[in-house]
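Read the structure below first, then the notes.
Computed from the coordinates by the stated procedures, all read-outs in this text should not be read as laboratory data. This structure is a prediction, so every number in the text was calculated from the model and none was measured. With ideal geometry, Cβ positions are generated from the backbone for all residues, glycine too; neighbour counts draw on all protein chains shown.
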Amino acid sequence: MASRRVWLGPRGVPALLLLLLLLLGPRPAASHGGKYSREKNQPEPPLKRESGEEFRMEKLNQLWEKARRLHLAPVKLAELHADLKIQEREELALKKLKVEGLDEDGEKEARLRRSLSVILAKYGLDGRKDARQVDSNSLSDSSREDSLDDPRLEKLWHKAKTSGKFSSEELDRLWREFVHHKEKVHEYNVLLETLSRTEDIHENVISPSDLSSIKGEVLHSRHAELKEQLRSINQGLGHLRRVSHQGYDSEAEFEEPRVIDLWDLAKTANLTEKELESFREELKHFEAKIEKHNHYQKQLEISHEKLKHAESMGDGERVSRSKEKHALLEGKTKELGYTVKKHLQDLSSRISRARHNEL
């Protein structure tokens, strides 16, 4: 019987086996330690968040992307970013509470749902064509006209603008107060609508005997919240009427609308003279923080206009520089916006607790 010849490669290795070794390549170094190696027993590294994702919660990322597709102005996007960051922080805190068995009545969860509804309506993300506010941050007369959505406010604004009692800076300040009042009314209407839907659901699925207890435990706080909002709106409207007719008092404590609201609430809360004076000082620091944020907002808008101009000119180097500066300003504006809104939230909570303690 004839013997079979096998062709041998270098050093006597069969050619077929040599080919397989070349194809498979060297084994990775991590496998040398076997199943007990450090590499084998380390947990898989966490998945990195996709580039461009701003938030840990997917639903908030979806809202953020929707806002970007709507081409909101940079300042509006920065404001939305701050609102969503606070919403995310509170929702993550709520998850921890629920794991620990807290929030049994569901009030904190309901409050966060209302908060998200307000954000959706405020930035035109709720699908309603008439919900989006004027998407402009300019203080020129052209953007001011017919944008207050309330004949009473428009009449007061026209009276103030034509009275000759206000400087250009004071008119800018007054306009901010009018817009702030408009936003408070808008938020109140969103809360009112949310409460009405909630009560309708309860009436349809719960027997009348059960409804009374639910209103007592859950809906009562919502009615109290609305009552407080309405009181603040009426107080703010009275303030706007007085200022529009008389002009600004040179000895006024504060200029920023949100700070004025907090100070008015503090003066009617159960605070000692020492506590009120301490709160006054904190409000001064808070107002300075708001002014710094407003400065960066204006710079961001200017940067946005310069970037659009550079892009229209087709100057690649100038576009690159403008984009870099715009990104830095946008990041700083987002950071300051979050800080301001978080500080506002903390101050409002303190005043709310002080007012409730006196009841």
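Each 5 Å bin from 0 upward holds the following percent of the Cα-Cα pairs of region 58-123: 3, 16, 27, 21, 15, 9, 6, 3, 0.
Ordering 74, 120, 64 by the projection of their Cα atoms onto the charge dipole of region 58-123, which places +1 on the Cβ of Lys and Arg and -1 on the Cβ of Asp and Glu, puts 74 at the extreme positive end.
Label separation (residue 162 vs residue 292): 4.2 nm, computed from points 7 Å beyond Cα along the C-beta direction.
Give the calculated FRET efficiency between residue 107 and residue 69 to the nearest 0.05, with a Förster radius of 25 Å applied to their Cβ-Cβ distance. Calculated transfer efficiency: 0.15. Among 91-99, 173-181, the peptide with the highest mean count of other Cβ atoms within 10 Å heads the list, and the full ranking is 173-181, 91-99. Between residue 232 and residue 253, full extension at 0.36 nm per residue minus the direct alpha carbon distance yields a gain of 5.7 nm.
What is the gain in length, in nm to one decimal, between residue 281 and residue 246 on full extension, counting 0.36 nm per residue of separation less the C-alpha to C-alpha distance? Walk me through the numbers on the way to the answer.
Details: separation 35, 0.36 × 35 = 12.60 nm, distance 2.71 nm.
Residue separation times 0.36 nm, minus the Cα-Cα distance, leaves 9.9 nm.
Over 26 Å apart at the Cα level, from the set 292/342; 85/108; 98/267, are 98/267.
Mean shadow of region 257-356, computed from the convex hull of its alpha carbons, in nm²?
6.7 nm²
Calculated FRET efficiency, residue 97 to residue 192, Cβ-Cβ distance, R0 = 30 Å: about 0.65 to the nearest 0.05.
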